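Quick notes on the structure that follows.
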Amino acid sequence: NTVQQVQSVVLTTTGLFAWGSTGHLFSTSIKNNTTFGALSINSSNNSYDLPTGLTPADVKMMFATYQTLVIVTCDGQAWVLSQNANNRGNGGSGNATTWYRVSTASNTPLQNIIAVRGCRSGLIALTSDNRLYTWGASTYRGTSGTGNGKQARTYATEMVKPAEMGTVKMIG
């Protein structure tokens, strides 16, 4: 449902800027018009509209999908700003106007993240030790077996990889 309605984002040395159809990436509390301009993420407590304590130089990559923006920092943290509670990776709590650090359980942040990708119904992270984690409204854990069917996962859950799978190069 976003083919004709797109909201885009760019990170500059002075912070986050967005443009396009409102509500498709960011809550209208953050960006309520279509013009190219700075965001207003009041919960970020910094002038860059990033999670508290982070600057644009700390960000290694950004990934956006319908109603969700993810950043990965140079030191391997993943932070999510999402209108979808399941995509926040924090147990499903909070709101659409606050950054949340992706965790595997309460007070257990996922660490050593290389990349995050996904879609509106789920996200996947690759860590430096060749592990894959998934979370979101409709995700699969991996190979068949107990607990591997499609589920909503509000915390990052390690995926079960096929035995013959080598080192992961990329995710998408």
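The values are calculated or read from the model by the stated rules, or taken from the named source; none is laboratory data. Since the model is a prediction, treat every value here as computed from it, not as a measurement. Here Cβ is always computed from backbone atoms with ideal geometry, including for glycine, and neighbour counts include all displayed protein chains. What goes into the accessible areas is simple: the full protein's heavy atoms, side chains included, and nothing from ligands, DNA or RNA. Shrake-Rupley method; radii C 1.70, N 1.55, O 1.52, S 1.80 Å.
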Item checked: Scan of the stretch 102-117 for residues that are surrounded by fewer than 23 Cβ atoms within 10 Å (Cβ to Cβ) and either touching a strand residue (DSSP E or B) at 6+ places or on another chain (Cβ under 9 Å) or among the aliphatic types (A, V, I, L, M) (or both), ordered by number -> Ser103, Thr104, Ala105, Ser106, Thr108, Pro109, Gln111, Asn112, Ile114, Ala115, Arg117
Margin query: Just to be sure I understand, how many residues within the stretch 120-172 are within 20 Å of Tyr100 (Cβ to Cβ) and in a loop (DSSP other than H, G, I, E, B)?
Written below: 2
Note to self: Return the residues of the stretch 102-119 that are in a loop (DSSP other than H, G, I, E, B) and more than 26 Å from Thr28 (Cβ to Cβ); say none if nothing qualifies.
What the structure shows: Ser106, Asn107, Leu110, Gln111, Asn112
Checklist line | Every pair of residues 6+ apart whose Cβ atoms lie under 7 Å, when the first sits in the stretch 59-77 and is free of Cβ contacts under 8 Å to residues at least 40 places away in the same chain while the second is assigned to a strand (DSSP E or B) and open to solvent by less than 10 Å² (accessible area, probe 1.4 Å) | finding: Lys60/Val72; Lys60/Thr73; Gln77/Ile113
Next item on the list: Please give the number of the condition Lys169 fails out of (1) modelled with pLDDT of 95 or more; (2) more than 14 Å from the chain's Cα centre (by Cα).
Entry: (1)
Note to self: Can you report the number of residues in the stretch 124-157 which are among the charged types (D, E, K, R), modelled with pLDDT of 95 or more and open to solvent by 50 Å² or more (accessible area, probe 1.4 Å)?
What the structure shows: 2
Margin query: Looking for something of a type in the set (Val, Ile, Thr) and either open to solvent by 40 Å² or more (accessible area, probe 1.4 Å) or outside any strand (DSSP E or B) (or both) - is there at least one such residue anywhere in the stretch 90-101?
Written below: yes
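So that you can scan it fast, the table gives a plain yes or no per residue for (1) out of contact with any helix residue (DSSP H, G or I) (no Cβ under 7 Å at 6 or more places or on another chain); (2) assigned to a strand (DSSP E or B):
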position: Thr22; (1), (2): yes, no
position: Ser27; (1), (2): yes, no
position: Leu50; (1), (2): no, no
position: Met62; (1), (2): yes, yes
position: Val72; (1), (2): yes, yes
Item checked: Search result, residues across the stretch 74-89 that are outside any strand (DSSP E or B) and under 21 Å from Thr14 (Cα atoms) -> Cys74, Asp75, Gln77
Item checked: Residue check for Val6: touching a residue at least 12 places away in the same chain (Cβ under 8 Å), among the hydrophobic types (A, V, I, L, M, F, W, C) and out of contact with any helix residue (DSSP H, G or I) (no Cβ under 6 Å at 6 or more places or on another chain) -> yes
Next item on the list: Only residues that are surrounded by 14 or more Cβ atoms within 10 Å (Cβ to Cβ) and of a type in the set (D, E, K, R): list them for the stretch 36-81, please.
Entry: Asp49, Asp58, Lys60
